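Asker: Structure incoming, see below.
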Amino acid sequence: MPSKKSTSDDTPDAHTIPTPTEDGDSVDSIRIADSVVASIVKMACLEVDGVYSVGGSGDGFWENMTGKKPGRGVVVELDEAENYVIEVHLEMRFGVELAKTAMQVQQNVRDQVSRMTMKGVAKVEVIIDGVRLEAEKKPDDESAPAWEHPHTD
């Protein structure tokens, strides 16, 4: 069945997923904001063993040293075919196989975004911005009691 082309100026948003209703004549829509897709991407990245952070630590060291602000976080765009094109900036844990971990990130991001949004993912570009050591826990931190409000009786 050929699809009908809309002649109105009210074209659906690029992030619209058409959903047919029971009567078959009207089409409802669901819009997924880029920020929601970016959240899915961040969570999917952090599920992969070896990823330290998404978007860097934000400590500002390189910005201060170079005067440049590196791209951080997640960029989500749509291509001509309405598939997601995703760019993600990561810091990896020291000692992991960077390429292998990046490929696992690409696959997990592709799977999660496709499953949750019901849209295709054309490309997942992983940019490794840094490598970090695991933060060491101090013995004092484990035994220290949680802060309690002082009693005033």
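The values are calculated or read from the model by the stated rules, or taken from the named source; none is laboratory data. Being a predicted model, the structure only gives us computed values, none of them experimental.
Asker: For Glu91, state whether it is on the phi < 0 side of the Ramachandran plot, among the charged types (D, E, K, R), at pLDDT below 60 and outside any loop (DSSP other than H, G, I, E, B).
Answerer: On the way: on the phi < 0 side of the Ramachandran plot: yes; among the charged types (D, E, K, R): yes; at pLDDT below 60: no; outside any loop (DSSP other than H, G, I, E, B): yes.
No, not satisfied.
Asker: Right, next: Hey, does the stretch 116-133 have a residue that's part of a loop (DSSP other than H, G, I, E, B), farther than 30 Å from Ile30 by Cα and either hydrophobic (A, V, I, L, M, F, W, C) or at pLDDT 60 or above (or both)?
Answerer: Residues of the stretch 116-133 part of a loop (DSSP other than H, G, I, E, B): 118-120, 133.
Narrowing the set further to residues that are farther than 30 Å from Ile30 by Cα leaves 133.
When the remaining residues are screened for being either hydrophobic (A, V, I, L, M, F, W, C) or at pLDDT 60 or above (or both), the result is 133.
Looking for residues that are part of a loop (DSSP other than H, G, I, E, B), farther than 30 Å from Ile30 by Cα and either hydrophobic (A, V, I, L, M, F, W, C) or at pLDDT 60 or above (or both), one finds at least one in the stretch 116-133, hence yes.
Asker: Just to verify a result, which residue in the stretch 40-83, among those that are assigned to a loop (DSSP other than H, G, I, E, B) and among the polar types (S, T, N, Q), is modelled with the lowest pLDDT?
Answerer: Among those residues, the one meeting the criterion is Ser57.
Asker: Looking only at the stretch 72-104, filter to residues that are over 10 Å from the mean Cα position of the chain (by Cα) and of a type in the set (Asp, Glu); which one of those is farthest from Val48 (Cα to Cα)? Give the steps one after another, and end with the answer.
Answerer: Taking the stretch 72-104 as the starting set, the residues that turn out to be over 10 Å from the mean Cα position of the chain (by Cα) are 72, 77-85, 90-104.
Okay, now just the ones that are also of a type in the set (Asp, Glu), so 77, 79-80, 82, 91, 97.
Numbers: Glu77: 23, Asp79: 26, Glu80: 30, Glu82: 27, Glu91: 12, Glu97: 12 Å.
If we take residues in the stretch 72-104 being over 10 Å from the mean Cα position of the chain (by Cα) and of a type in the set (Asp, Glu), then Glu80 is farthest from Val48 (Cα to Cα).
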